[in-house]
1. Can you report the principal axis dimensions of the range 262-318 using only the alpha carbons, biggest first, rounded to whole angstrom?
2. Could you work out the relative contact order of the chain, using alpha carbon pairs under 8 angstrom and six or more residues apart, expressed as a whole percent?
3. Using alpha carbons only, how many angstrom separate the centre of the range 155-214 from the centre of the range 240-286?
4. Please report, to one decimal in angstroms, the Kirkwood hydrodynamic radius of the chain built from all distinct Cα-Cα pairs.
5. What is the range 238-301's relative contact order, in percent, from Cα pairs under 8 angstrom and six or more apart in sequence?
6. When a/c reaches 1.5 or more, the comparison of a/b and b/c decides; with that in mind, is the range 146-193 rounded, prolate or oblate per its Cα gyration tensor?
7. Quick one: if you stick a label point 7 Å off each Cα along the C-beta vector at residue 178 and residue 37, how many nm between them?
8. Just for the chain, what percent of DSSP beta bridges are antiparallel, to the closest 5?
């Protein structure tokens, strides 16, 4: 994810705080549902469009709408600095196709010229996600460039592989595969030292592109395997992405084996542990290993929300082992770390009534 400078971050948040009284009455985003109206307003105000693509049947979409797009700092920034456009892809599939939306929720920053600046895909209810989301939309809105703008910059500086890399990423994010690979090949063939230094970053972009295409997920496998061979790269994400592809293609043992190799190197990686334990719960396989990995992971430093979810998964595994006292003890720890999560309270109630 692109990070804006500390100075711009400070200015953006200062803007929010000093104007808080002015926007006290704005506790919701002032959504527009009509694309042409949003474009007209963007043209008239010289603002970007803040387009959020969702579906009523998408759980992460509901998390985004309920927990993230209602946060005061996000509401204030969007209402003041952008033109908010809400798109239900089931109602307006044509616009989703126009902007090549492959998964929802997708937040896309769009110029008044209808060109995409950048996008943020995903939804969650954690404070950490909210911080990342706000950071991204401010960065995209204030510093982001369209592909045409970047290609114009490249024409003025034609031997700059950093610009080529940025253009490649944007083409992948917009599902323009052929153009993305043209830039990938341009970097690989013309700037070999740069390509070697950024190989993991480039291969992650390609792997994530294929991973988001359900019918072609397995095409990500060779790129993820290549990343696992790069010793100075952060390989943790490659391990759990690769495992997830194996799990969803019914290669369960291969998925577990990949994760166990990864957990030797990254034993405290909470996401990798979550993927492992989730699969233990779903398949009822490697239960004892899952409990062992989970109990070790929750002792490490990290996000309390993720650790609470790990405790919940450990409780589920103890339930599978018919060890109700330990299951209750684990779910109590989950509730202690994340007392607002109704899912954990409901699960404890079911446990106690069983």
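1. That works out to 27, 23, 14 Å along the principal axes.
2. The value is 9 percent.
3. A separation of 28 Å, based on Cα centres.
4. For the chain, the Kirkwood estimate is 22.5 Å.
5. 28 percent
6. Because a/c hits 1.5 or more and a/b fails to exceed b/c, the range 146-193 counts as oblate.
7. 3.8 nm
8. 55 percent
Readers should treat all values here as calculations from the given coordinates under stated rules, not as data from a laboratory. What you see is a predicted model, and the numbers here were worked out from it, not measured in a lab. Positions of Cβ are generated from backbone atoms using ideal geometry, with glycine treated the same way; all protein chains shown enter the neighbour counts.
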